[in-house]
Structure formats: C-alpha cells, structure tokens
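Peer 1: Before we start, here is the structure in question, set down as structure tokens.
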Amino acid sequence: MILLINGVFNGLAIVLCVSALILGFGASYLVWQKALKNKSRKIITEAETEAEVIKKEKILQAKERFLQLKAEHEKVINDRNNKIALSESRLKQKELTLSQKIEESQRKKNETEAIRENLTSQLELVEKKNEELARLHRQQVDQLEAISGFSAEEAKNHLIESLKEEAKTGAMSYINEILDEAKMTANKEARRIVLQTIQRVAAEVAIENAVTVFHIESDEIKGRIIGREGRNIRALEAATGVEIIVDDTPEAIVLSAFDPVRREIARLALHQLVTDGRIHPARIEEIVEKTRKQVEDEILEVGKRTAIDLGIHGLHPELVRLIGKMKYRSSYGQNLLMHSREVANLSAIMAAELGLNPKLAKRAGLLHDIGKVPDDEPELPHAVLGMKVAEKYKEKPEICNAIGAHHDETEMTTLIAPIVQVCDAISGARPGARREVVESYIKRLKELESLALQYPGVMKTYAIQAGRELRVIVGAEKVTDKEAENLSFEIARKIQNEMTYPGQIKITVIRETRAVNYAK
C-alpha cells in the first residue's frame with residue numbers, strides 16, 4: 001500500500017515537473033517572440049529611415065546630374081547656334097561679295113561690248129582709208145613707171161642692189177673700226193679683269209709639311225706611350241702607319257708621315273689615349289679605329305660646310321665626301337681644299353665680269369681637282385679622272401668639260417673651261433703657294449707603298465722615316481715566317497729595279513699572330 005502511494009506521488013511529481021517545464025518553455029517562447037517582434041519592428045523602422053535618406057540623396061544627385069546635363073546640352077546648343085549664326089553671316093558675306101562680282105562682271109561686259117563696237121567702227125574706217133591709200137599708191141606707181149620707163153619690180157630690184165652695196169661698204173668700215181679698237185683694248189681689258197679678280201680673292205698660302213708636333217704635359221707620359229719593351233709605340237705605329245719620334249725634345253712628340261689623314265688620326269688617337277690614361281696595344285687599336293671613324297665623319301662635315309659656304313647646292317653625297325677629303329690632300333705642297341675654294345671664288349668673279357654664269361663657274365672651280373682625291377689613283381691624269389668622277393655623279397657637261405680640260409687633256413667646248421684653267425694657274429702661281437719637291441716626294445712614297453701592296457698576303461703598307469723605311473704588315477694565316485723573309489727580299493729587289501731613290505730603304509715585314517677570347 002505504502003509502495004502504491006509512493007508510486008502515485010512519484011507520478012504526480014513527474015507530471016508536475018513536465019507541466020512546469022512545458023509552461024516555462026511556453027512562457028519563454030512568448031517572451032522571445034515578443035522581443036523578436038520588437039526588434040524586427042525597430043530594424044524595419046531604421047531601414048525605412050535609412051531608405052528615405054538614401055532616396056533623398058539619390059533624388060538630389062539625379063537633380064544635380066539633370067541640371068549638369070541640361071547645362072551641357074544648353075552649351076552645345078549655344079555653340080551650335082553660334083556656328084550656325086557664323087555660317088549664316090559668312091554666307092551672307094559671300095552672297096554680297098558674289099553679287100558685287102556679278103555686278104562688276106556685268107559692268108566690264110558692257111564696257112567690253114562698247115569697246116568692241118567702237119573698235120569695229122574704227123576698223124571699218126581704217127579699211128576704207130587703206131583702200132583709198134592703195135588706190136592712190138597704184139596711181140603714183142603708174143605715174144612713176146610712165147615717167148621712169150621702169151616697172152615697179154625692176155625699180156625695186158635696182159634700189160635693193162644699190163642699198164646692198166652701200167650697206168656692205170658701211171658695214172666693212174664699221175667692222176674694221178671695231179676690230180682695230182678691240183685689238184687696242186683687248187689686252188688691257190683682259191689684264192683689268194684678271195687683276196681685279198686676283199685682288200678680290202686673297203686666300204691664305206700655307207705649305208703642307210710632313211710632320212705634326214704633339215704636345216704633352218710632362219715627359220713622364222713618354223715612357224707610358226713607349227710601353228714595356230716598346231710594345232705601345234710599335235702597336236700605335238702599326239695601327240696608324242705613322243712614325244712616332246720620341247726624343248729629348250721637352251714636352252713634345254713628333255708624328256711623321258706624308259699622308260695628312262694618317263697624321264691626324266694618330267694625333268687624335270694619341271690625345272685620347274693620353275687623356276684616358278689606359279695605354280696598351282688592345283686599347284690602342286680600339287681608339288685608332290674609333291678615331292678613324294670620327295675623321296671620316298669630320299671629312300663629310302667639312303665637305304658639307306664647304307659647299308654651304310660657297311653657295312653650291314645639289315652635290316652628290318660622294319662628291320661632298322671627296323671635297324671633305326681635299327682638306328687632307330695637297331697639290332705641290334698647297335692645301336688642296338684651300339686651292340679649290342680659291343679657284344672657285346676666282347672663277348665666279350671672272351665669269352661675272354665676262355657676263356657668264358658665276359654659279360656654274362664656281363661649281364666647276366671647286367671640283368676641278370677632284371681627280372686628285374680618290375685613293376685608288378689609276379694611271380690616268382687627275383683632270384681626266386676628275387671628269388670621269390663628275391660624269392659618274394651626274395654633273396652637267398659644261399662642268400665635266402671644264403674639269404677635264406683645265407690641263408688641256410681634253411678639248412675645251414665651253415667658255416667656263418678656259419676660265420677655270422686660268423684661275424687654277426692664278427691660284428698656283430702665287431709666290432710661295434707651291435713646291436715641286438714636296439709633290440714629287442709624296443708621289444715617290446705613294447709608289448713605294450703601292451709596290452709592296454701588289455704581293456699576295458700583304459694587308460697594309462706604311463712608308464715612314466721620310467721614305468727610308470717601308471713597313472709591310474701581312475696576314476699571319478696567309479704568310480708563314482719563311483715566306484715573310486722571302487717577301488722582304490723580293491720587295492727590296494723590286495724597289496732596286498723599278499724605283500729611283502736616295503740612300504737606302506729598309507723593308508720590314510711584320511707577321512703577328514693573336515688569339516682573342518671573351519669570358520662571359
């Protein structure tokens with residue numbers, strides 16, 4: 001019984017617990033639902049407020065954008081209206097101008113018609129007068145024929161013959177007077193033109209020499225230029241073909257070579273080497289090659305500047321380069337570029353005095369010695385070679401003839417040719433302008449170099465020490481040591497047999513092998 005009662009109480013307790021739990025869950029659910037609704041309502045209120053703010057901002061932005069677009073549209077419309085108004089004003093102006101031109105044209109047309117009518121009436125009057133004059137002339141001719149007994153044709157022929165004889169007599173007398181006067185004044189006028197031309201052009205006279213003095217700051221640099229066991233100076237001489245004389249002269253090194261281009265390359269290369277401070281055979285060859293390109297650029301620039309100074313245009317680029325090379329060439333010791341410039345100016349002045357084309361004469365004077373410049377120097381007179389060069393580069397026939405005929409190698413066919421010939425003689429005849437000895441000396445050295453170049457395997461030849469030594473550089477892969485010895489002997493024997501020279505000539509054949517690689 002007691003157990004039963006305990007079981008009932010336990011069951012009731014469980015039921016009460018479950019009921020309390022359910023009531024607690026329900027009450028908490030109701031509270032949570034109420035809180036959730038309050039929170040949702042608050043979020044919705046905030047969202048609506050924020051949406052309203054965003055809406056107002058967007059509306060404001062839309063209004064601003066609308067106003068901006070409206071302003072831009074109004075500006076475009078105003079610009080377009082302005083352009084239309086401007087176009088309309090231009091059209092009105094053109095219409096007004098066209099109307100004025102039409103009125104002017106109509107007025108001129110009316111005036112022309114009036115003039116035409118007036119001319120027509122005058123022509124009719126002139127025709128009537130001509131008919132009357134012809135009738136009177138026929139009457140006079142008939143009367144004269146009846147009086148003289150000659151027909152009109154016979155009288156005319158008789159009159160012509162008598163006039164011919166009278167005119168011939170008068171003409172011969174006049175011609176004789178002109179010839180006598182020309183003989184009296186020709187020499188005087190020619191001397192006047194030549195003297196006036198010489199006075200108006202006075203170019204500098206400078207004799208080209210064969211040495212250049214290179215100044216250095218101190219004698220310590222001489223040792224660096226010579227190098228260990230003379231390596232540097234030998235490399236420099238081999239690369240430039242110039243003899244470098246290092247003696248006891250204080251602060252000076254002498255560069256000796258008959259070719260001014262070689263001396264200039266050696267001088268500039270030596271200056272760069274001394275300035276840089278790095279002097280060794282590889283650096284020397286690099287600097288010499290770079291300097292050679294610089295000299296080529298300078299030659300082209302000198303040619304352009306000379307043509308501009310003289311007012312000569314339209315020259316072929318190769319002719320411009322040859323003109324630039326004249327700076328480093330000499331004619332019997334006279335600088336070829338200065339000589340050619342002087343001849344050009346003399347020719348222009350003389351042509352102007354004689355009433356000929358001065359520009360054509362100046363062009364021919366500048367190019368007259370162009371045949372002395374090419375390095376190959378074939379067995380042709382320089383005048384003929386220059387004429388062929390000018391023909392090759394499309395110069396005018398008058399200029400080509402003046403170049404070829406200035407030493408009488410070809411026949412003169414234009415009046416420019418004798419002017420160039422005379423001006424060439426004037427320029428070369430100035431006291432101290434030329435020396436025959438220098439020209440023959442340079443020619444002998446060039447022949448000496450050309451003779452050695454004929455042998456196979458020879459790459460370069462340099463005549464140094466005033467022609468007392470000939471250095472021959474051969475390719476190591478083409479000539480062996482034994483062949484180099486034989487080559488030196490053969491060149492010496494050929495020089496003995498074919499050339500005339502004072503003293504003795506030393507032939508040095510240089511064969512050098514180099515191995516070069518680069519570490520990368």
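Peer 1: Hey, got the Cα dimensions of the range 261-364 along the principal axes, in Å, largest first?
Peer 2: Largest first, the range 261-364 extends 62, 28, 18 Å along its Cα principal axes.
Peer 1: Related question: For a quick protection proxy, order the peptides 27-37, 343-353 by their average other-Cβ count within 10 Å, most packed first.
Peer 2: Listed from highest to lowest mean packing, they are 343-353, 27-37.
Peer 1: List the pair-distance distribution P(r) of the range 216-306, using every Cα-Cα distance, as the percent of pairs falling in each 10 Å bin from 0 up to the bin containing the longest distance, rounded to whole percents.
Peer 2: That works out to 17, 50, 25, 7, 0, in percent per bin.
Peer 1: Between the range 260-308 and the range 39-84, how many Å separate their Cα centres?
Peer 2: Centre-to-centre (Cα) distance: 76 Å.
Peer 1: Output the peptides 86-94, 456-464, 232-240, 487-495 sorted from most to least packed, where packing is the average of other Cβ atoms within 10 Å over each peptide's residues.
Peer 2: 232-240, 456-464, 487-495, 86-94
Peer 1: Within the P(r) computed for the range 1-116, what percentage of the Cα pairs occupies the region above 22 Å?
Peer 2: 77 percent
Peer 1: Using the Kirkwood radius built from alpha carbon pairs, what does the Stokes-Einstein equation give as D for the range 340-406 at 20 °C and 1.002 mPa s, in µm² per second?
Peer 2: Result for D is 181 µm²/s.
Peer 1: Would you mind checking LYS372/LYS396; LYS388/LYS460; LYS293/LYS482; LYS222/LYS460; LYS222/LYS293; LYS75/LYS101 for any pair whose Cα atoms are more than 31 angstrom apart?
Peer 2: LYS293/LYS482; LYS75/LYS101
Peer 1: For the range 83-148, compute Rg over Rh where Rg is the Cα radius of gyration and Rh is the Kirkwood radius from the inverse mean 1/r over Cα pairs.
Peer 2: Expressed as Rg/Rh, it is 1.65.
Peer 1: In Å and whole numbers, how far do the C-alpha atoms of the range 59-99 stretch along each principal axis, longest first?
Peer 2: On the principal axes, the range 59-99 reaches 58, 6, 5 Å in Cα extent.
Peer 1: Right, another one. Step through the residues of the range 504-518 one at a time and calculate ³J(HN,Hα) from phi using the Karplus curve (6.51 cos²θ - 1.76 cosθ + 1.60, θ = phi - 60°), rounding each to whole Hz and writing x for Gly and Pro.
Peer 2: Each residue of the range 504-518 in turn: 10, 10, 8, 9, 10, 9, 10, 10, 9, 10, 10, 10, 10, 9, 10 Hz.
Peer 1: Moving to a separate point now. Report, by chain and number, residues whose modeled amide H sits under 5 Å from the one on SER330, excluding near sequence neighbours (fewer than 5 apart, same chain).
Peer 2: So SER330 has HN proximity to LEU336.
Peer 1: Ignoring any ligand, DNA or RNA, what whole percent of the accessible area of the range 233-377 comes from carbon and sulfur when the probe is 1.4 angstrom?
Peer 2: Percent of accessible area from carbon and sulfur atoms in the range 233-377: 51.
The values are calculated or read from the model by the stated rules, or taken from the named source; none is laboratory data. Note that the structure is a prediction, hence the values are computed from the model and not measured. Positions of Cβ are backbone-derived with ideal geometry, glycine not excepted, and every protein chain shown enters the neighbour counts. Surface areas here come from the heavy atoms of the whole protein model, side chains and all, with no ligands, DNA or RNA. Shrake-Rupley method; radii C 1.70, N 1.55, O 1.52, S 1.80 Å.
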